[in-house]
Amino acid sequence: MQMTKIICTVLCAVSLFGVARNVAILRSVAASGKPLTHSIIGVSICLALAIFWAYGLYGIRKKAPIVWKLGWAVIIGGYLIFVIDASATILRAEQQPIDRWMLLCFVVISSSAIAAYWCYFWTKQKSYFAPPPPSP
């Protein structure tokens, strides 16, 4: 579980840096008189992600069973987001059609292997999150 604690801590810190960056952008945009909607949305998204990763870290530390289920959402969601974004980028590239499809197959197969590893790892962690047996 040490690895997942480190991952949650790093992603929480990155999200907080995103909040600071978007606040700086917000200040410069406000000073120039341009619309603020993109910066406000950026601050909101980064703050929500920071709270999400902090909750995940807290749940791992307290062995909350809900975090095990949340981990599945992160693994599957991360896999789907990556494959969809990579596929869109590959299919827009100006290459021969056969090269695009070969690259797309490679991305899907390799990312599926990585997702399968994380699914295997996360399945083994269920006992860590199991609630303690009731005492008589």
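None of the figures in this text is laboratory data; all of them are computed from the coordinates on show. Model, not experiment: these values are computed from the prediction. For neighbour counting, all protein chains shown are included, and Cβ atoms are generated from backbone atoms with ideal geometry for every residue, glycine included.
If you place +1 on the Cβ of every Lys and Arg, -1 on the Cβ of every Asp and Glu, and leave all else neutral, what size is the dipole of the stretch 63-130 about its Cα centre, to the nearest 20 Debye? Kindly include the intermediate steps, with their values, before the conclusion.
Details: 6 positive and 3 negative charges, 94 e Å.
It comes to approximately 440 debye.
State the extension gain, in nm to one decimal, for the chain segment bounded by Ala48 and Ala113, taking 0.36 nm per residue of separation less the distance between their alpha-carbons.
Numbers: separation 65, 0.36 × 65 = 23.40 nm, distance 2.93 nm.
So the chain would gain 20.5 nm between Ala48 and Ala113.
What number, rounded to the nearest 500 deg cm²/dmol, is the helix-based mean residue ellipticity at 222 nm of the chain, given -39500 (n - 2.57) per DSSP H run of at least four residues and division by all its residues?
-30000 deg cm²/dmol
When the chain is treated as a GNM, springs tying every alpha-carbon pair under 10 Å, which of Ser87, Ser112, Ser32 comes out with the largest mean-square fluctuation?
Ser32
In the chain, how many lysine pairs have Cα atoms under 26 Å apart, counting only pairs 8 or more places apart or on different chains?
Here the count comes out as 11.
Each label point is 7 Å from the Cα along the Cα-to-Cβ direction; what then is the distance between the points at Leu16 and Thr123, in nm?
3.6
Which residue fluctuates most in the GNM of the chain (Cα springs below 10 Å): Ala50, Ala13, Ala93?
Maximum among the listed residues: Ala93.
Note the full-extension length gain between Phe82 and Met1 as 0.36 nm times their separation in residues minus their Cα-Cα distance, in nm to one decimal.
Numbers: separation 81, 0.36 × 81 = 29.16 nm, distance 2.39 nm.
Result for the pair: 26.8 nm of gain on full extension.
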